[in-house]
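Below: the structure, in structure tokens.
Please treat every number below as a calculation from the coordinates, not as lab data. It should be emphasised that the depicted structure is a prediction, and the values quoted were computed from it without experimental measurement. Cβ: placed from backbone, ideal geometry, glycine included. Neighbour counts: every protein chain shown.
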Amino acid sequence: MDVKKIFRAVSRQMLDSFLASAEVKHLGNRGTFREDALRKFLEQGRLPGRYGIGNGEIVSPNSETSKQVDLVVYDKLRGISLFYSESVQVYPIECVYGVVEVKSSLNKVELIKSLENIKSVKAMTSRDSVERRLPGGITSTFPRPAPFGIVFAYRLADNSLSSLEENLNEWKAEVPPSLWPNAVVVLDEGIIYHTKGFKACFENDEIDSSVSTIGLHYKSDTLFHFYSILLQVSSSMNLGPIRLEHYFEQAEKLGPYTVRNHNRFLSNRDDSVRRLTEAFVEKLVTHCRLEGKITQRELLLKQFGHIPVGMEESELERQLYLYNPNGLKGMHEVENAIEMIDGRAYSMEGVMVPCYYIVVDNDVIYFPAAYVGEQDTEVVEGKTSSDL
């Protein structure tokens, strides 16, 4: 069996069908056809069973939503859709292997639109870690991988593969390598991708500022090479589990940080909910990163002078930050540290209890309530205590 001839025949069939669809007057129907044709090609036994093909939007635990994506390659066995209809789905970023932007004709304008869509997905990548069990009971921890992004077009638009390569390089000059596409494909023309010396770089961790861009004219063999790239980048990724609880209480971007648990403070004056300001979070992070981390054991000893009964050793050794620049004392160091007023317990001034915590880029930061002034919080519009 000549596999090359099979793929050349499929490529001709896809291109002929696409050209026939040009007679369809409604642009939406034409767009659906081009995406469905590629989806059908991939779904007809050409992708392993663990890969699913959908379309729609991608969301992250950080309250981010991608632009509309033409094709989403997701984990069909362990992945989920937060919203599903026949025409559109919403996928958590953790179950997405990658996206394919599908274009009828590819010119500079359409290329940039596709690159921006891919950028919007790659920029959402979670900063948490994934564990992989290795033989011998060893656990390996590594950053959760970013989705791949590929542009796929049926034909050029009165331009050339080399001009598209120039357009891509112009765009890349203003964008970090982590957000670059993995490949740009034009059916029956060729593929633009990254290289390092003589090595082709298709996977995300291979693409950095040292790579070059090259366009190869595969012509009638372009479909086969696209398919090979898609399999390679998908199979190289270990997505890890979906932490669905993070979508219930979503994180938020504050300046350069991804912050969680910072927006649950109740106002003393009304029923509003308040959140920490970006400036206060910046102050916490700057100080804590200079001071370094302590263990949960050290924190409890500073707060109470003893370790609560029943805590696991692994829990006590957990690393975290403590913000306490003024050296506030623990409850065991202050006489009558708690005062009862109208049936409510209040800490005396200068005590590091109660202590709040937030999660910044997956690092836990504890800080005594005494450090939070009125100017350090702001109202969360449209949210009341009943929403917590």
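The region of the chain that goes longest without hitting one of the trypsin sites (Lys or Arg not before Pro) in a DSSP loop, each with at most 16 other Cβ atoms within 10 Å, is 128-242.
May I ask you to sort PHE148, PHE304 by Cβ crowding, counting other Cβ atoms within 10 Å and putting the fewest first?
On the way: PHE148 28, PHE304 15.
Exposure proxy ranking, most exposed first: PHE304, PHE148.
Footprinting exposure proxy ranking of LEU179, LEU244, fewest other C-beta atoms within 10 angstrom first, gives LEU244, LEU179. For LYS253, the lysines whose Cα comes closer than 21 Å to its Cα, not counting residues fewer than 8 places off in the same chain, are LYS67, LYS119, LYS122, LYS283, LYS383.
Scalar couplings 3J(HN,Hα) for the range 256-273, obtained by applying the Karplus form with A = 6.51, B = -1.76, C = 1.60 to θ = phi - 60°, are x, 10, 9, 10, 10, 6, 9, 10, 10, 8, 8, 6, 7, 9, 8, 8, 6, 10 Hz; x denotes Gly and Pro. For the chain, the Kirkwood radius over C-alpha pairs fed into Stokes-Einstein at 25 °C and 0.890 mPa s yields D = 101 µm² per second. All C-alpha to C-alpha distances of the range 252-387, sorted into 10 Å bins beginning at zero, yield P(r) values of 11, 37, 36, 15, 0 percent in whole numbers.
If only the Cβ of Lys and Arg carry +1 and only the Cβ of Asp and Glu carry -1, the dipole of the range 252-387 around its Cα centre is close to 180 debye.
Taking K and R as +1 and D and E as -1, what net charge do the other residues with C-beta under 12 Å from the C-beta of ASP75 add up to? Neighbourhood net charge equals +2.
Within the chain, what is the longest stretch that has no GluC sites (Glu not before Pro) placed in a DSSP loop and near at most 11 other beta-carbon atoms within 10 Å?
Counting only loop sites that pass the neighbour cut-off, the longest clear stretch is 175-311.
Near ILE6: Cβ cut-off under 13 Å, other residues only, Lys/Arg at +1 and Asp/Glu at -1. The net charge is +3.
Long hydrophobic helices in the chain: the complete DSSP H runs spanning 18 Å or more by Cα along their own axis with mean Kyte-Doolittle hydropathy of at least -0.5 are 3-21, 108-122, 222-235, 278-291. Close amide H partners of LEU71, meaning residues 5 or more places away or on another chain with modelled amide H under 5 Å apart, are VAL100, VAL102.
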